[in-house]
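> First, the structure itself, so that you have it in front of you.
What follows is calculated from the coordinates using simple rules that are stated; it is not laboratory data. Here the structure is a predicted model, which means the values were calculated and not measured. Glycine gets a Cβ as well: all are built from the backbone with ideal geometry, and neighbour counts include every protein chain shown.
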Amino acid sequence: MRRNRSWLPVFRPASFAGALLLAATTIAGAQEAAQPPIAGTWKLNPQKSGAQVPPDYVEIRQYRLRADGYLVGLLFNGSGRGLRWLQFTAKSDGKDYPEYSDAIVADMIAAGTRTPRSYAETKIDDYTTAWIDKVDGKITAQGRKIVSKDGQTLTITIDGQPGARVYDRVP
């Protein structure tokens, strides 16, 4: 039996991207800490990345440094088939910090468990950090986040994989 879902909003990538940018700008609001070069909002540039993504795919990252020294990272991605998010709050000290996603939070609420994912980063210089993702304590990916000297491009590499994901700063 097919359910009537006419009440569901229609997904439009352009309006989704606009809403994400508005949310990211609002989240980035008044901040007391001096912001590092990675702070701000970044949109994936599939052409520069050589990424094969559906035409309606969008990927936006937002970073801000809290006054207490914790960096908040937020990733939104999705297409007409659905939306996802990922968030961490961490210091650039190489320690593991919990990482959350829409799926993990749903599972945690339902089962009353902790996130199996963690994120760590180490500052190499003002423009570069080394990052590590883990699941259940095992490294699943690691690489570098590099902000261009002009502050307009963010490149994320994954060790052992060719290419990189390239993001343009959103004004």
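> Got a sec to turn the phi values of segment 51-67 into Karplus ³J(HN,Hα) couplings, 6.51 cos²θ - 1.76 cosθ + 1.60 with θ = phi - 60°, whole Hz, x for Gly and Pro?
Whole-Hz 3J(HN,Hα) from phi for segment 51-67: 7, 8, 10, x, x, 9, 6, 9, 9, 10, 10, 9, 10, 8, 9, 6, 4.
> If you don't mind, there's one more thing I want to ask. Which of LYS43/LYS91; LYS43/LYS145; LYS95/LYS149; LYS48/LYS123 have a Cα-Cα distance over 21 Å? Intermediate values should be presented prior to the final figure.
Values: LYS43/LYS91 23 Å; LYS43/LYS145 14 Å; LYS95/LYS149 27 Å; LYS48/LYS123 25 Å.
Violating the 21 Å Cα-Cα cut-off are LYS43/LYS91; LYS95/LYS149; LYS48/LYS123.
> Counting other beta carbons within 10 Å of each Cβ, put ASP126, ASP107, ASP136 in order, fewest first. It would help to have the intermediate numbers written out before the result.
On the way: ASP126 11, ASP107 14, ASP136 8.
Listing ASP126, ASP107, ASP136 from fewest to most nearby Cβ atoms yields ASP136, ASP126, ASP107.
> Moving to a separate point now. Any idea what % of Cα-Cα pairs in segment 39-170 are farther than 20 Å? Don't skip to the end; give the middle numbers.
Values: 4169 of 8646 pairs.
Every Cα pair in segment 39-170 considered, those over 20 Å come to 48 percent.
> Same structure, new question: Between ASN45 and THR128, what FRET efficiency follows from the Cβ-Cβ distance if R0 is 22 Å, with the result rounded to 0.05?
Details: r = 19 Å, r/R0 = 0.88.
Once the sixth-power term is evaluated, E becomes 0.70.
> If N is the number of residues in segment 101-171, what value comes out of its Cα radius of gyration divided by 2.2 N^0.38 Å? Spell out each step's value before the answer.
Working: Rg = 15.2 Å, N = 71, 2.2 N^0.38 = 11.1 Å.
Ratio of Cα Rg to 2.2 N^0.38 Å: 1.36.
> Just to confirm a number: summing +1 for Lys and Arg and -1 for Asp and Glu over residues other than ILE104 whose beta-carbon lies under 14 angstrom from that of ILE104, what do you get?
Values: positive: ARG84, ARG114, ARG117, LYS134; negative: GLU99, ASP102, ASP107, ASP133, ASP136.
That works out to -1.
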